[in-house]
1. Restricted to segment 171-189, and to residues that are assigned to a strand (DSSP E or B) and more than 10 Å from the ligand (Cβ to nearest atom), which residue is modelled with the lowest pLDDT?
2. Looking for something over 15 Å from the mean Cα position of the chain (by Cα) and assigned by TED's automatic domain parsing to the domain that holds R185 - is there at least one such residue anywhere in segment 134-147?
3. I need a count of the residues in segment 107-134 that are among the β-branched types (V, I, T) and either without any contact (Cβ under 8 Å) to a residue 40 or more places away in the chain or loosely packed, with under 14 Cβ neighbours inside 10 Å (or both).
4. Condition (residue is outside any strand (DSSP E or B) and within 18 Å of A68 (Cβ to Cβ)) applied to segment 26-35: is it met by at least one residue?
5. If I go through segment 159-170 residue by residue, how many of them are modelled with pLDDT of 75 or more and either more than 10 Å from the ligand (Cβ to nearest atom) or among the aliphatic types (A, V, I, L, M) (or both)?
6. Can you name every residue in segment 7-25 that is farther than 14 Å from G70 by Cβ and either within 14 Å of the chain's Cα centre (by Cα) or in a strand (DSSP E or B) (or both)?
7. Suppose we filter segment 132-158 for residues that are within 16 Å of the ligand (Cβ to nearest atom) and of a type in the set (D, E, K, R); how many remain?
8. Name, by its number, the condition in (1) surrounded by 16 or more Cβ atoms within 10 Å (Cβ to Cβ); (2) at pLDDT 75 or above; (3) more than 27 Å from Q240 (Cβ to Cβ) that does not hold for F139.
Amino acid sequence: MAGEKADGIVIRQADFSESSRVVTFFTREYGRVSVLAKGAKRLKGPFDAALDLLSTCGIVFLKKSSGALGILTQAHLLTRFTPIAGELNSLYGGYYVADLLYQLTEDFDADERLFELAQQTLAELATPEADPLTAIVQFEVGILVCAGLFPDLSSCAVCGNAVETEAKFAHWVSQGGLLCGSCRREEYSGRSVTGGVIAVLRKLSNPGSGLAARVRLTKDQTRECHQLAVSAITHVLGRQPGTLRYLNF
Ligand SMILES: [Zn+2]
């Protein structure tokens with residue numbers, strides 16, 4: 001029986017039975033895919049060690065109709081995620097990437113750009129010279145952009161007038177989006193962001209700039225961009241992602 005071939009990152013594992021697991025991949029070809037991995041819990045199972053969390057595998061699976069779980073028939077390891085020893089933001093950053101991929105994508109909704117971004121982020125998190133927090137912020141902004149959830153940072157969410165980054169600051173509403181000075185009201189919950197941070201966020205969110213383009217961020221900029229991205233993610237999910245509390249910004 002021929003199956004569907006894909007490259008995918010293991011983003012979630014759940015026990016299914018004594019010997020089997022449900023494994024969720026974020027694949028290049030199909031987006032998020034959950035499959036039953038029979039025998040995956042056995043010591044000498046059919047998939048060896050390919051199915052560790054955040055490993056990237058070449059897989060073959062049988063697709064079932066009408067929402068039933070597919071069956072994993074082959075998995076071989078392509079790359080393993082190896083967090084930097086002693087750097088918890090590297091390890092937990094990886095878990096956070098998996099969490100966001102699981103929660104902010106849909107089954108069989110392929111997005112090659114997001115797959116490449118995830119691969120690149122995991123590689124950066126495993127690179128001692130790279131700053132894990134910058135990699136995480138790039139991923140947060142990138143996944144929001146890919147999901148069409150990143151707010152428009154060029155114009156006011158109410159009146160549509162351009163928001164200039166030369167302005168000292170703008171007001172960021174919790175739903176995501178900027179308000180110009182004249183539309184700002186006391187009753188809108190949110191926070192002020194500096195023009196400098198808006199400029200950084202525009203750079204991070206611009207697909208034309210190339211995802212591998214490194215943006216140098218100060219510690220304060222990193223923290224502020226992270227807080228704004230988290231407010232947008234939290235708004236979409238209705239709660240904070242569970243793995244967020246392990247990150248130390
Ligand atoms: Zn306005």
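1. Ranking the candidates gives V173 first.
2. For segment 134-147, residues over 15 Å from the mean Cα position of the chain (by Cα) and assigned by TED's automatic domain parsing to the domain that holds R185: absent.
3. Of the residues in segment 107-134, 2 are among the β-branched types (V, I, T) and either without any contact (Cβ under 8 Å) to a residue 40 or more places away in the chain or loosely packed, with under 14 Cβ neighbours inside 10 Å (or both).
4. Scanning segment 26-35 turns up at least one residue that is outside any strand (DSSP E or B) and within 18 Å of A68 (Cβ to Cβ).
5. Looking only at that region, the number is 2.
6. Across segment 7-25, the qualifying residues are D7, I9, V10, I11, R12, Q13, A14, D15.
7. Count: 1.
8. Among (1) surrounded by 16 or more Cβ atoms within 10 Å (Cβ to Cβ); (2) at pLDDT 75 or above; (3) more than 27 Å from Q240 (Cβ to Cβ), the lone unmet condition for F139 is (3).
The values are calculated or read from the model by the stated rules, or taken from the named source; none is laboratory data. Computed from a predicted model, the values in this text were never measured in an experiment. Glycine gets a Cβ as well: all are built from the backbone with ideal geometry, and neighbour counts include every protein chain shown.
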